Amino acid sequence: MAKAEGGGRLLPLPFTTFGELAALWLKAAVYCSRCYEHRPVESTAEHLRDRCFATTRFRCTKIRYTGDVCGCSGSVAVQPSVLLPVGGEDTLAFLFFGTSQPSWEINHVPIDKSPWSVVNHEGDDRFRCPGCGRAVAWRIHGPTWRPTY
């Protein structure tokens, strides 16, 4: 088993292909940083279904105000079909990998629930990028703390 920088384990993500998203109630979109738009990805389409989400490259085809095609490379954003609130009862993780092209992120992951709970998020364990095998960075947001008087 691979080791993370801090000595923890590098574990595989619960999915690697676009076709596996629907079974986990996830959906994907591609974000264009030049147009500031998210465009949905049909993850069950035959040409995408078996492709790794972390290595598939997308180009924006929007026509700009100049009449030219945008052409900016897009980043894949995966999230649950129904978003959980930040600060709610669940501990949420926001995973991101931007050190290689294409960049990608997985948002609003309930890190304490299966299949995500295989990783010890309070320790040194990390998920492994299915594209390059390096550790995935994350931000963790726990339940809202409220003062008691």
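The values are calculated or read from the model by the stated rules, or taken from the named source; none is laboratory data. Note that this is a predicted model, so its numbers are computed, not measured. Here the Cβ is made from the backbone with ideal geometry for all residues, glycine too, and neighbour counts use every protein chain on show. Calculation scope for accessible area: heavy atoms of the full protein, side chains included, ligands and nucleic acids excluded. Shrake-Rupley method; radii C 1.70, N 1.55, O 1.52, S 1.80 Å.
So that you can scan it fast, the table gives a plain yes or no per residue for (1) within 25 Å of I140 (Cβ to Cβ); (2) of a type in the set (V, I, T); (3) assigned to a strand (DSSP E or B):
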| position | (1), (2), (3) |
| --- | --- |
| K27 | yes, no, yes |
| Y31 | yes, no, yes |
| D50 | no, no, no |
| Q79 | yes, no, yes |
| P102 | yes, no, no |
| N107 | yes, no, yes |
Legend entry - Meets criteria (open to solvent by 70 Å² or more (accessible area, probe 1.4 Å), touching a Cys at 6+ places or on another chain (Cβ under 8 Å) and more than 24 Å from L84 (Cβ to Cβ)) for T61: yes
Legend entry - Filter result (open to solvent by less than 40 Å² (accessible area, probe 1.4 Å) and in contact with a Leu (Cβ under 7 Å, 6 or more places away or on another chain)) within region 72-110: V78, P80, D90, L92, I106, H108, V109, P110
Legend entry - Cβ-Cβ under 8 Å pairs, at least 6 apart or on other chains, region 86-112 side touching a residue at least 40 places away in the same chain (Cβ under 8 Å), far side surrounded by 18 or more Cβ atoms within 10 Å (Cβ to Cβ) and charged (D, E, K, R): F94/E105; L95/E105; F96/E105; F97/E105
Inset, instruction - State which residue is surrounded by the fewest Cβ atoms within 10 Å (Cβ to Cβ) when the search covers only region 121-138 and only residues that are of a type outside the set (D, E) and in contact with a Gly (Cβ under 7 Å, 6 or more places away or on another chain). - result: G123
Legend entry - region 25-53 - residue that is free of Cβ contacts under 8 Å to residues at least 40 places away in the same chain and loosely packed, with under 12 Cβ neighbours inside 10 Å and, of those, nearest to the chain's Cα centre (by Cα): P40
